[in-house]
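Reviewing the structure listed below.
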Amino acid sequence: MRTAATVTVSVLSLALVTACSTEESSGSKSLGSESAAPAEAAKAFSASELEKLLLAQGEVKGYQVDSGDDTLPKSKTEVKTDNAQCDPLAWATAGLAPGDTDANASNSVTEDKASTATAQPEDAEDIFDVDVTYVGLSSYEGDGAAQAMKAVSDGVSACSGGYGLAAGGEDSKVTKVSSLEGSGLGEESVAFAEDVDMDGEGTATFHTEVVREGNTIATFYTVNFASFGTGEAAEIPASVVEAQITKLK
């Protein structure tokens, strides 16, 4: 399953499902509120420090934590849209920093059904019926984190009609972007859904959440390989978001 998932996600993370085939967010806090500005004394972390702040194996019960190096893009240059305002959305979905910083780290957190399974899967589809969440961390100087959050929120509204995405040598089309209710964690959060054209074989919906804690931003993007043809979006696991934000405090 891990080998197949790696192959699939190498395309999926880059192009929101390509060859595999609004309004401002109602996040936990208003971007214009007094609490939205990060404390001036908050520490901006380096990429190596962010690696240590990512969730590690054993820190979320029922989930397997793996390095995202082989499945997620390493650079923003690998992810291009046809509308600059939509870039922060595409970057967040790919585990990259949604704002202007080089301090970035990412990994994947996969539902570990084997730890609680009582029977063998009945068919191949059952093997892929697991939620995989791609987690990205980025850190900023000054008000960079607040500005990145604003860029994401503005992007949800500006890109409500969709946008074109090119990555990994493949082109795909996000047909719709809509706001979702955020987790309410962190100092502010923005959540959104993206509908993606599956090469003429219907539309798949994916959820992303972006959460700020101080000068650090965490992004969460969840997929379920077995649900591609169902039209149902995989929900971002609350326990994963909570564990990661708690680790940032």
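The values are calculated or read from the model by the stated rules, or taken from the named source; none is laboratory data. Computed from a prediction, not measured in an experiment: that's the story for all the values here. Quick reminder, even Gly has a Cβ in these numbers, built from the backbone with ideal geometry, and neighbours come from all protein chains shown.
Looking at Gln57, Gln64, just one residue is closer than 22 Å to Val241 by Cβ, in a strand (DSSP E or B) and modelled with pLDDT of 95 or more, and that residue is Gln64. Scanning segment 136-154 for residues that are of a type in the set (Gly, Ala, Ser) and more than 13 Å from Thr219 (Cβ to Cβ) yields a total of 4. Evaluate segment 24-34: report whether one residue or more is modelled with pLDDT under 95, assigned to a helix (DSSP H, G or I) and of a type in the set (Asp, Glu). The answer is yes; a qualifying residue exists. Which condition breaks for Gly184 when tested against (1) assigned to a loop (DSSP other than H, G, I, E, B); (2) within 15 Å of the chain's Cα centre (by Cα)? For Gly184, the exception is condition (2). Exactly one residue out of Thr246, Thr208, Thr175, Thr219 is more than 16 Å from the chain's Cα centre (by Cα), in a strand (DSSP E or B), of a type in the set (S, T, N, Q) and at pLDDT 95 or above: that is Thr175.
The single condition among (1) at pLDDT below 95; (2) assigned to a loop (DSSP other than H, G, I, E, B); (3) under 28 Å from Ser178 (Cβ atoms) that Asp69 does not meet is (3).
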